[in-house]
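The structure appears below as structure tokens.
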Amino acid sequence: MNETEKLQKVLARAGLGSRRELETWIEAGRVSVNGDIATLGDRVGPDDLIRVDGRVVKVKAEEDIVQRVIMYHKPPGEVCSRNDPEGRATVFDNLPRLNGLRWVQVGRLDINTTGLLLFTTDGELAHRLMHPSNGFVREYAVRVRGELTQEKRQAMLDGVLLEDGVSKFETISDAGGAEEGANHWYKVTLVGGKYREVRRLFQSQDLDVARLMRISFGDLRLPPQLRQGRWMELEPEQIQGLIDKVELKGKKYTGLYGRARLRHQRGNKPPRKARRGPYRR
């Protein structure tokens, strides 16, 4: 029996984007398999010809995926999109150039939010990092206009029903500011990252967020020396920590294309060693 994998997983592994983003590409008819327009649920094998927007996709074996991860300090005014129809600056504009790979964004920040964003060349790793089941805690510094009473604080810790479900903060701590509560700073943590979740939680209590900055993602904190619009590459041990957290299996001969290569090894010739990221600048 021929072995197959989900189409969006194979495309994500090639670094074309996150699984969620690639599913929208498939739904929009941008992907074809062996000349036929692909549909969600399609599975592909190592001999299938995949095209995106008419261009052939070179699918990589899992052991050939270069695992680079960078931290980026997003400034205000940049949109979290590869291309913006309004011509605004994007978070991809300042990233290092890649040869044969693409940066995959781990989550999003809205245009006015600043702070820590992660990017990786490994689409499967990006998918795992974004999945709510892996429980990465995000921490934000928030400047709030209005008085945060004990009742409002407790409501946001207990959970608030928003239009897309219940949301809550794990912690809320005072970070200084005016005594009367206007333009006061707080630090908040939450698991997950729904659209504009921090802002909407405060708005549910009639509080206005004047400034918002993400300062950590899991164990990764925004380095104080990393200025807005700049990026910093993670060290191999930091990347391994992320891989361990999401229980991502080793790359060597895992997945469809790696197994296909293993089956076709001839004689006793040892397989080519896996390339291990990140590549240095």
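The values are calculated or read from the model by the stated rules, or taken from the named source; none is laboratory data. Quantities reported herein were computed from a predicted structural model and do not represent experimental measurements. With ideal geometry, Cβ positions are generated from the backbone for all residues, glycine too; neighbour counts draw on all protein chains shown. Just the protein is used for accessible areas: all its heavy atoms, side chains included, with ligands, DNA and RNA removed. Shrake-Rupley method; radii C 1.70, N 1.55, O 1.52, S 1.80 Å.
General observations
- For beta carbons closer than 7 Å, sequence separation of 6+ or different chains, a first residue in region 5-17 that is on the phi > 0 side of the Ramachandran plot and a second that is open to solvent by 10 Å² or more (accessible area, probe 1.4 Å), the qualifying pairs are Gly15/Leu101; Gly15/Arg102.
- When the test is whether a residue is under 15 Å from the mean Cα position of the chain (by Cα), modelled with pLDDT under 90 and loosely packed, with under 15 Cβ neighbours inside 10 Å, Arg20 passes it.
- Filter result for Leu125 (hydrophobic (A, V, I, L, M, F, W, C), within 22 Å of Gly241 (Cβ to Cβ) and modelled with pLDDT under 95): yes
- For Phe119, the conditions (1) under 18 Å from Asp206 (Cα atoms); (2) in contact with a strand residue (DSSP E or B) (Cβ under 7 Å, 6 or more places away or on another chain) are fulfilled apart from (1).
- When each of Val31, Val10, Val44 is tested for being more than 25 Å from Arg196 (Cα to Cα), open to solvent by less than 20 Å² (accessible area, probe 1.4 Å) and under 19 Å from the mean Cα position of the chain (by Cα), the lone residue that passes is Val10.
- Candidates Ser18, Ser81: the one that is under 25 Å from Leu109 (Cβ atoms) and either hydrophobic (A, V, I, L, M, F, W, C) or assigned by the TED database to the domain that holds Ala210 (or both) is Ser81.
- With a requirement of 3 or more residues that are in contact (Cβ under 8 Å) with a residue 60 or more places away in the chain and open to solvent by 10 Å² or more (accessible area, probe 1.4 Å), the strands (runs of 3 or more DSSP E) lying completely within region 114-223 that satisfy it span 137-145, 208-217.
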